[in-house]
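The block underneath contains the structure these notes are about, expressed in structure tokens.
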Amino acid sequence: MLSQLRLTFGGRAPSLLSGSVSSDNTSFTAHLTNRPLPPLGGSSTPEGVIHVERVRVLSGTVMNEAIELTNYGTTDAVVPLSISFASDFRDMFEVRGLKRAKQGKVETPRVHKNEVLLGYIGLDDVARHVRVAFSPMPDKLLADRADYSVKLPAQACVSIYLSVAVQVAAHKGEPDIHVPQSTHTVTELHVSQVDAARPRVGRTAVRAALVDAHLVMRERRRASARVRSSNPLFNAWIDRSQADLNLLTTDLASGPYPYAGIPWFSTPFGRDAVITSLQMLWLQPGLARGVLRFLAEHQAMEDSAFRDAAVGKIMHEMRRSEMAATGEVPFALYYGGVDTTPLFIVLAGAYVARTGDTQLVDELWPALERAAKWVAGVCDRNIYGLLDYQRASDGGLANQGWKDSHDSVFHADGRFPEGPIALVEVQAYASAAFDTMAQFSMLRGQSDDAVRYTQRATAIRACVEDKYWMDDSKFYGIALDGKGDLCRVLASNAGHLLAFGLPSRERGEAVARALESTLFHTGWGVRTLAAGQPRFNPMAYHNGSVWPHDNALCARGLARYGAKAAAVRLLQALFQAAVNFDMRLPELFCGFPRRRGEPPTAYPVACLPQAWAAGSPFMMLEACLGMTIDAQKREVLIEQPMLPEGIDWLEIGDLRVGDASVSITFRRVAGKVVASAEQGDVRVIALL
């Protein structure tokens, strides 16, 4: 929207007192105060007598702001207030550091009454405009600044309002600044109380935007079961995580879709959305339905080396930016992710098991078959029958698993491997995908296909046990290179094997013990890379940091292999980390060992909020509670539930099971956690 928005009094920025986001993420409020102000036809104003409250709310494509000034002094004041603004229309990839040989045309700003129109015609022939409006009318309005001389009597308050509206459309000439533009989008999930004729700027516009934003968030909250506990801090973490997911979720024609993260990845990603949907599946299965439909609609239908596309692949990333549209980067619709396609199939299977909605499988069956055919085709070309990757063009991602930085896969001596590369966790996804296709095939009466899919899944599991296991380390290596040589590196990737049930019991338990050791566990969570490994760096993006979503999958795996107490400790560690991050887990944080009295070390450019970080506590909680939901049987199975320390009871309210619902309460009783449920149409089986 804007590259600059700055408030000053007499050329000096006010002092920040505090800032916070509302509990449902609908508004941001900042409290500030003045520095000493020079006399303007009267006496000077000392520091700290004028309180400034700034409230911002984003609704649709409009940001509204209210600036309220209150004079707590004993004399009247005249405040020279300026609001500076600018928009450089830089593409996100430029912001991230890419240099462009050529740029589009920045239009001359147009000023009319209380509005300024900033414009840019991109090389993609798309017109991007930003309309900045003020109320009341500024004393002076320039192309980059609004000036006010605010007369502020003692013990009185005055408000100034501004709005920033974005318009993006194919270039058809300049928009008329005199004609009102409707920039408000009404979703299908709510009926907006605000229509296109609402005031562009002012008190009414701010209130209307708040009402609209609250309505959207309320509807998204209602789509999920409720989690409440005896611990107020834990509740705050759960509520913030749910609110962050609601903020990141966009209502598309195919259904709700969680965008990956703010600011760098506020766009559809395939892998992130699938993992987030798996995290939330037990509480909010409708999210998975929307994700599956969207990904099926954007499945690759042709091969493209530039986009790393092949028929049947599921997209990795979609962007609508100028550089993507012009082909300067391949990310308009990019398929360079080896794991998204098998995970798409896995999510479909998990969704059906959770909901019993076999009609969606019928709807998606052609896409599922194309996806399975692509996975099988790649496996057939690999010397061991494994799912591998190698980028098809220099502009694509060198590494195409979830750890996709250039240095995230390497040999024990630090050398980078030659491709194609077969990541260990991807084999767990692939085998689970073939198992899912076998189940679907049996349901559809295609028994021969079911046998073939089962054989493929079995072969992959056997190969992983044979080729990746390191008997000296009692752990799995991170990858096989193109020559079939094992990258003998201890990384958290092996935890994903446990999450999807690939290893033998004995080996899975050995991996669980390693993940609990100080090689991996920092006290705040499990690192992506064990301490002492080559290229280990606790400040690196993928080589020693702590990723909440990675920990959630590890916790799921720990519980699956009998280490539920370890899963609870991992949940506890992430909860304690969240307390130090204002209850909002970032995309990642640094992997330094925990020290008494010190908080976890932040990773400075992590996305915050980020979808699969926000979804992490829910997957971890599901693992600790040992819950399995079978919609077709209207049944919830609870196996040996455990709760973190400091939580005496926890309730899952309005949990949908098929066409019925149930509320389940977990309580500590005589050293155990006991589950109880209200009487109803859902059968709850608890195994203690």
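The values are calculated or read from the model by the stated rules, or taken from the named source; none is laboratory data. Only a predicted model underlies this, so the values are computations on that prediction, with no experimental measurement involved. Backbone-built Cβ (ideal geometry, glycine too); neighbour counts: all protein chains shown.
Output yes when any residue across the range 230-240 is out of contact with any Cys (no Cβ under 9 Å at 6 or more places or on another chain), in contact (Cβ under 8 Å) with a residue 12 or more places away in the chain and farther than 17 Å from Ala614 by Cα, and no when none is.
There is at least one residue in the range 230-240 that is out of contact with any Cys (no Cβ under 9 Å at 6 or more places or on another chain), in contact (Cβ under 8 Å) with a residue 12 or more places away in the chain and farther than 17 Å from Ala614 by Cα.
Counting only residues that are in contact (Cβ under 8 Å) with a residue 24 or more places away in the chain and assigned to a strand (DSSP E or B), which one in the range 675-688 is surrounded by the most Cβ atoms within 10 Å (Cβ to Cβ)?
For the range 675-688, the residue satisfying everything is Ala675.
With respect to the numbered conditions (1) charged (D, E, K, R); (2) in contact with a Gly (Cβ under 6 Å, 6 or more places away or on another chain); (3) under 24 Å from Ser266 (Cα atoms), which one is the sole condition not fulfilled by Glu328?
Glu328 satisfies every listed condition except (2).
Among the residues of the range 573-584, are any crowded, with 21+ Cβ neighbours inside 10 Å, under 22 Å from Pro538 (Cβ atoms), assigned by TED's automatic domain parsing to the domain that holds Trp237 and over 20 Å from the mean Cα position of the chain (by Cα)?
Narrowing the range 573-584 to residues crowded, with 21+ Cβ neighbours inside 10 Å: 573-575, 577-578.
Now narrow it down to the ones that are under 22 Å from Pro538 (Cβ atoms): 573-575, 577-578.
After this cut, where a residue has to be assigned by TED's automatic domain parsing to the domain that holds Trp237 as well, the list is 573-575, 577-578.
Now narrow it down to the ones that are over 20 Å from the mean Cα position of the chain (by Cα): 573.
Looking through the range 573-584, at least one residue is crowded, with 21+ Cβ neighbours inside 10 Å, under 22 Å from Pro538 (Cβ atoms), assigned by TED's automatic domain parsing to the domain that holds Trp237 and over 20 Å from the mean Cα position of the chain (by Cα).
Yes or no, residue by residue, for (1) farther than 24 Å from Ala350 by Cα; (2) surrounded by fewer than 24 Cβ atoms within 10 Å (Cβ to Cβ); (3) of a type in the set (Val, Ile, Thr):
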residue	(1), (2), (3)
Ser492	no, no, no
Leu498	no, no, no
Glu506	yes, yes, no
Ala510	yes, yes, no
Thr528	yes, no, yes
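Kindly provide the set of residues from the range 261-283 that are in contact with a Cys (Cβ under 7 Å, 6 or more places away or on another chain) and closer than 22 Å to Asp339 by Cβ, ordered by number.
Of everything in the range 261-283, those that are in contact with a Cys (Cβ under 7 Å, 6 or more places away or on another chain) and closer than 22 Å to Asp339 by Cβ turn out to be Gly261, Trp264, Phe265.
Looking only at the range 316-359, how many residues end up being assigned to a helix (DSSP H, G or I) and not polar (S, T, N, Q)?
Qualifying residue count for the region: 17.
Of all residues in the range 263-307, how many are within 19 Å of Leu553 (Cβ to Cβ), over 11 Å from the mean Cα position of the chain (by Cα) and either among the hydrophobic types (A, V, I, L, M, F, W, C) or at pLDDT below 95 (or both)?
Number satisfying all stated conditions: 8.
It is to be established whether one or more residues within the range 353-372 are assigned by TED's automatic domain parsing to the domain that holds Val311, of a type in the set (Phe, Trp, Tyr) and crowded, with 16+ Cβ neighbours inside 10 Å.
For the range 353-372, residues assigned by TED's automatic domain parsing to the domain that holds Val311, of a type in the set (Phe, Trp, Tyr) and crowded, with 16+ Cβ neighbours inside 10 Å: absent.
Quick one: which strands (runs of 3 or more DSSP E) sit completely within the range 36-153 and have at least 3 residues that are touching a residue at least 12 places away in the same chain (Cβ under 8 Å), within 28 Å of the chain's Cα centre (by Cα) and closer than 30 Å to Leu210 by Cβ?
Those strands (runs of 3 or more DSSP E) span 50-59, 62-71, 126-135.
Tell me, yes or no, whether the range 376-383 has at least one residue that is touching a helix residue (DSSP H, G or I) at 6+ places or on another chain (Cβ under 8 Å), assigned to a helix (DSSP H, G or I) and outside the structural domain of Val682 (by TED's automatic domain parsing).
yes
Check the range 597-612 and report whether any residue there is surrounded by fewer than 21 Cβ atoms within 10 Å (Cβ to Cβ) and assigned to a strand (DSSP E or B).
Within the range 597-612, one or more residues are surrounded by fewer than 21 Cβ atoms within 10 Å (Cβ to Cβ) and assigned to a strand (DSSP E or B).
Pick from the range 251-281 the residues that are touching a strand residue (DSSP E or B) at 6+ places or on another chain (Cβ under 6 Å) and among the hydrophobic types (A, V, I, L, M, F, W, C): which of them is nearest to Tyr429 (Cα to Cα)?
This residue is Ala273.
Taking Leu32, is it surrounded by 16 or more Cβ atoms within 10 Å (Cβ to Cβ), modelled with pLDDT of 95 or more and farther than 22 Å from Asp139 by Cα?
Numbers: surrounded by 16 or more Cβ atoms within 10 Å (Cβ to Cβ): yes; modelled with pLDDT of 95 or more: yes; farther than 22 Å from Asp139 by Cα: yes.
The answer is yes for Leu32.
Could you check the range 230-299 for helices (runs of 4 or more DSSP H) lying wholly inside it with 3 or more residues that are under 14 Å from Ala350 (Cβ atoms)? Working first, answer last.
Details: elements: 232-248, 270-280, 285-297.
So the answer is 270-280, 285-297.
If you check Gly327, Gly349, Gly377, which single one turns out to be surrounded by fewer than 21 Cβ atoms within 10 Å (Cβ to Cβ) and modelled with pLDDT under 95?
Gly327 is the lone residue from the list that is surrounded by fewer than 21 Cβ atoms within 10 Å (Cβ to Cβ) and modelled with pLDDT under 95.
Out of the residues in the range 383-439 that are aromatic (Phe, Trp, Tyr) and surrounded by 19 or more Cβ atoms within 10 Å (Cβ to Cβ), which is farthest from Gly336 (Cα to Cα)?
Here the answer is Phe434.
Out of all the residues in the range 545-584, which are in contact with an Asp or Glu (Cβ under 9 Å, 6 or more places away or on another chain), among the hydrophobic types (A, V, I, L, M, F, W, C) and not in a helix (DSSP H, G or I)?
Listed by number, the residues that qualify are Trp547, Ala563, Met583.
Pick from the range 2-29 the residues that are of a type in the set (A, V, I, L, M, F, W, C) and touching a Ser or Thr at 6+ places or on another chain (Cβ under 7 Å): which of them is surrounded by the most Cβ atoms within 10 Å (Cβ to Cβ)?
Leu2
If you scan the range 518-535, which residues turn out to be closer than 18 Å to Pro600 by Cα and assigned to a loop (DSSP other than H, G, I, E, B)?
Result: Thr518, Leu519, Phe520, Thr522, Gly523, Trp524, Gly525, Thr528, Ala530, Ala531.
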